[in-house]
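Accompanying notes for the structure given below.
None of the figures in this text is laboratory data; all of them are computed from the coordinates on show. Here the structure is a predicted model, which is why all the values come from computation and not from measurement. We place every Cβ from the backbone using ideal geometry, glycine too, and count neighbours over all the protein chains shown.
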Amino acid sequence: MRKSLKSAAVYGAVLLVTFTAVACKKFDNSAIDLSTYEKKVFSQNGEDGVMEKIIDVIGVYNRYYVEIGTGVGTECNTRNLRENHGFTGVMMDGCCENKKINLFKEFLTKENINDILSKYNVPEVFDVLSIDIDGNDFYIWHAFDKKYRPQLIVIEYNVTHLPGQDKVIEYKPDHVWDKTNYYGASITALYNLGRYKGYSLVYADKRGVNLFFVRDDVLSKIENKFLNMNDVDKIYRNPKLGPGPNGGWYDDVKKRKYVTSQSILKI
C-alpha cells in the first residue's frame, strides 16, 4: 500500500493536512506535466507545489527531509512540508541557527558533509533532500555517502549554461557566491551526476533555479511518469534571473575556470 499526499480536510475529516494511505488509486496514463503544479507557499518560487505533486505520486517513506541552504528558514523548500504536511527533519545553513525549527549553523563542504549528517542522526533513507548553497551544490551531492538515499532531490543549478554544456565550478571549500554567474553546475552536469547516482531528472522550475530528481527504483514502482523525464533539452528553462548570459546573473568578469562533471565522475 503506497502512501499519497492528500489533505484530509478535503474530505471533511480533519483540519490538519496529512499524508494518507490510499488503498486503490487509478492513475491517468499520460505523463505528468509538473509545470501545472507550481505553487509558492513558503518556497522562493513554485517549488512547494511541485514537491507536493511529486510526493503525491511517488509516495511517502518516513516524512523526513534534509535542507542545506535555508537562510533563516522562513523562505525555503521544506517549511511547507513541516508546517502543513507533518514532516520533520534538519535544516543547515552557514549563517543562521534556530533550534526551534531544527535549523543549525553549519558550513558544509564535501569533506565534512557525511560527518554532519551523522551528527544529526539523519536516516539513511528519507523523503526529501534540498540543496541550495550558491556554489558547491554539485560537490555536496556528489560527496553524499551512497548509504544516504533520499527519494526526491531538489538542487539549484546554473541556468547560464545551456543544455550540452557540461560545466561545474572549480571546488573551493570556502566558496561564497559573489552575485556573478560563477556558481554551481549546469543542467547537463547535474543530470550526469543524477544518472551516476541512480536518479532521473523530472523537472526544472519555470524561473530556472532548481532541478528535481527522483530515485530510479522509486520511479520503477509507479504507474505514472513525468513529462520529458531525463530529456535535458526539453526540461531546461531559459529564464530572466538577471542581465547575464542566457538570462542568468552578471557575467563573471574574472573568467574563472570550470571543470566537467565527466572529469569529476570519471565517466
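Averaging the Cα positions of each part gives two centres, and for the range 43-75 and the range 117-191 these lie 16 Å apart.
Label positions at ASP115 and SER263, each projected 7 Å from the Cα along the C-beta direction, are separated by 2.8 nm. Given their separation in residues at 0.36 nm each and the Cα-Cα distance between them, LYS147 and ASP233 gain 27.9 nm when the chain is fully extended.
Here PHE107 and ASP251 are evaluated by their C-beta separation; at R0 = 30 Å the FRET efficiency comes out at 0.65.
Each residue of the range 147-152 was assigned a 3J(HN,Hα) from its phi angle through the Karplus expression (A = 6.51, B = -1.76, C = 1.60, θ = phi - 60°), giving 6, 7, 9, x, 6, 10 Hz with x at Gly and Pro. Calculated [222 nm] ellipticity per residue, helices only, for the chain: -5500 deg cm²/dmol; basis is -39500 (n - 2.57) per DSSP H run with n ≥ 4, divided by all residues, nearest 500. Rounded to whole numbers, the Karplus 3J(HN,Hα) couplings from phi for the range 197-213 are 8, x, 10, 9, 7, 10, 5, 10, 5, 4, 7, x, 10, 10, 9, 10, 10 Hz, using 6.51 cos²θ - 1.76 cosθ + 1.60 with θ = phi - 60°, and x at Gly and Pro. Once you have a ≥ b ≥ c as the square roots of the Cα gyration tensor eigenvalues for the chain, tell me rounded if a/c is under 1.5, and otherwise prolate or oblate according to whether a/b is larger than b/c. It comes out prolate by the Cα gyration axes. In this structure, the residue pairs whose Cα-Cα separation is over 20 Å, taken from LYS172/LYS257; LYS172/LYS240; LYS179/LYS254; LYS146/LYS197; LYS99/LYS179, are LYS172/LYS240; LYS99/LYS179. With contacts taken as Cα pairs under 8 Å at a separation of at least 6 residues, the range 31-265 carries a relative contact order of 18 percent. Between ASN224 and LYS172, the contour length at 0.36 nm per residue exceeds the alpha carbon distance by 14.7 nm. One decimal place: the segment LYS240-ASP217 gains 4.8 nm when fully extended, by the rule 0.36 nm per residue minus the C-alpha distance. Expressed to the nearest 5 percent, the antiparallel share of DSSP beta bridges inside the chain is 50 percent. Between SER130 and VAL66, GLU67, ILE68, VAL154, the built amide H atoms are under 5 Å apart, and every one of these is 5 or more places off in sequence or on another chain. Protection proxy ranking, highest mean first, for peptides 42-48, 102-108: 42-48, 102-108, where packing is the per-residue count of other beta-carbon atoms within 10 Å, averaged.
A Gaussian network model of the chain, with springs between Cα atoms under 10 Å, assigns the largest mean-square fluctuation among VAL159, VAL125, VAL202 to VAL125.
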